[in-house]
Structure formats: structure tokens, C-alpha cells
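Chemist: I'd like to ask you about the structure that follows.
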Amino acid sequence: MMKKYFLFGALLLSISTFGQRLGYVDTHMILNSIPEYNQAQREVDRLSKNWENEVSALFEDANALKFQLEAEKVLLTPEMIIERNSLINSTKDSARARQIKYFGPKGSLFSRREELIAPLQALIAGAIKEIARKKKLDFVFDKGSSVSVVYANESNNITSDVLRQLGY
């Protein structure tokens, strides 16, 4: 981790010694300033909550079936116990399958988020490039991402310029 910061600092130092112009932008602030993003985020949150409830209900059903089996086990034949265990496992498998379908790496939630938010991110990226060209910046860092910015002079902040470019 420390090596990452050292390399990042060395990169900034080497860039600045060659007269490169730097700028930074806060994409989180930009996204939160766009009503369409907030609406898309609400839609993603709504879907996530609905699907989470659906998966939880299936897991709860499996647990209820298991609890019921334990309570009635002494009254059941071995065949009935096997049948009920099969139903419990089937319900759990169904819950896990839906969990993966909705929340997995290629799941419905990821796809929907990409569908709603990717166009906004592309629009922002285009605006950033346009502003960077106008201001003759060589590099633009995203203050809102995982790249750490230890110090940023406000005169290099192009966030408001990007918002103006987008019409916000």
C-alpha cells in the first residue's frame, strides 16, 4: 500500500518537473448534482431492496421448513424426513440461485446499474475531456475515486466547469 502511494507521488513529482499541467475533478459531486443520476440511483436501490426481500423470504421459508421438520421429526417416517429435507434443500438452492441471479457479478442489479448510470458517466467523461482540452491540462485526477489526492489547489479544480459544460 505504501509502495502505491510512493509510486503515485513519484509520478506526480516527475510530471510536475516536466511542466505538465494537472487538474482534478470530483465525480461524486458531479454525479450527485445530476437529477438523472439521483433518479437512477433510487431505481437501483428500489430494485436491490425488492430483490433482497425476495431472497430473504426464500431463506426464511427454508428455515421455517427446517424448524417444522425438527419439531415433527419424531412423528415422521424416514421417507417423509428425506422428502422434507429435499424440499428444504431445494428452497435453499432456489434462494441461492436468485441471489446470484440478482446480485452476482453478472447479475441483474449490476446490469441495471450499468444500463442507467453508464451513459451519465460517459457524458461526464466527455465533459471532462472537453474542459481539459480548453484549459490545456495534461492530466486530470478524480478526487472522488480511489486515487488518493493528498493536496489539491482549488485553482486546478475543474468540477464546476464540468457541471457547467453538462448544463447543471
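The values are calculated or read from the model by the stated rules, or taken from the named source; none is laboratory data. Note that the coordinates shown come from a computational prediction; the quantities given were computed from them, not determined experimentally. Methodologically, a virtual Cβ is constructed for each residue, glycine included, from the backbone with ideal geometry; neighbour enumeration extends over all protein chains shown.
Chemist: Can you tell me which residue within segment 97-111, out of those that are over 14 Å from the mean Cα position of the chain (by Cα) and of a type in the set (D, E, K, R), is farthest from Phe59 (Cα to Cα)? Give the steps one after another, and end with the answer.
Modeler: So in segment 97-111, the residues over 14 Å from the mean Cα position of the chain (by Cα) come out as 97-101.
Then drop every residue that is not of a type in the set (D, E, K, R), which leaves 98, 101.
Values: Arg98: 11, Lys101: 15 Å.
Across segment 97-111, the extreme among qualifying residues is Lys101.
Chemist: Pull out all pairs, ordered by first then second residue, where Cβ-Cβ is under 8 Å, the residues are six or more apart or on different chains, the first lies in segment 47-71 and is farther than 18 Å from Tyr102 by Cα, and the second is surrounded by fewer than 16 Cβ atoms within 10 Å (Cβ to Cβ) and of a type outside the set (Lys, Arg).
Modeler: Listed pairs, sorted by first residue: Leu65/Leu87; Leu69/Leu76; Leu69/Ile81; Leu69/Asn85.
Chemist: Of all the residues that make up segment 19-35, how many are over 19 Å from Asp138 (Cβ atoms) and either over 19 Å from the mean Cα position of the chain (by Cα) or surrounded by fewer than 15 Cβ atoms within 10 Å (Cβ to Cβ) (or both)?
Modeler: So the count comes out to 3.
Chemist: Restricted to segment 124-144, and to residues that are in contact with a strand residue (DSSP E or B) (Cβ under 6 Å, 6 or more places away or on another chain) and in a loop (DSSP other than H, G, I, E, B), which residue is nearest to Asn156 (Cα to Cα)?
Modeler: The selected residue is Leu137.
Chemist: Here's a follow-up. Can you find, within segment 44-84, the residue that is nearest to the chain's Cα centre (by Cα) among those that are closer than 30 Å to Ala127 by Cβ and surrounded by 13 or more Cβ atoms within 10 Å (Cβ to Cβ)?
Modeler: Checked segment 44-84; the qualifying residue nearest to the chain's Cα centre (by Cα) is Val44.
Chemist: Scan segment 77-93 and give yes if some residue there is under 30 Å from Arg42 (Cβ atoms), of a type outside the set (A, V, I, L, M) and in a helix (DSSP H, G or I), otherwise no.
Modeler: No, there is no match, as no residue in segment 77-93 is under 30 Å from Arg42 (Cβ atoms), of a type outside the set (A, V, I, L, M) and in a helix (DSSP H, G or I).
Chemist: With (1) of a type in the set (D, E, K, R); (2) in contact with a Leu (Cβ under 9 Å, 6 or more places away or on another chain); (3) at pLDDT 95 or above as the list, and Asp138 as the residue in question, which single condition is left unmet?
Modeler: Status for Asp138: all satisfied but (3).
Chemist: Just checking, does segment 115-124 include any residue being surrounded by 11 or more Cβ atoms within 10 Å (Cβ to Cβ), farther than 19 Å from Asn32 by Cβ and modelled with pLDDT of 90 or more?
Modeler: yes
Chemist: Residues that are of a type in the set (A, V, I, L, M, F, W, C) and more than 29 Å from the chain's Cα centre (by Cα): does segment 112-119 have at least one?
Modeler: So far as segment 112-119 goes, no, none of its residues is of a type in the set (A, V, I, L, M, F, W, C) and more than 29 Å from the chain's Cα centre (by Cα).
Chemist: Leu87 passes all but one of (1) surrounded by fewer than 14 Cβ atoms within 10 Å (Cβ to Cβ); (2) over 21 Å from the mean Cα position of the chain (by Cα); which number fails?
Modeler: Result: Leu87 fails condition (1) only.
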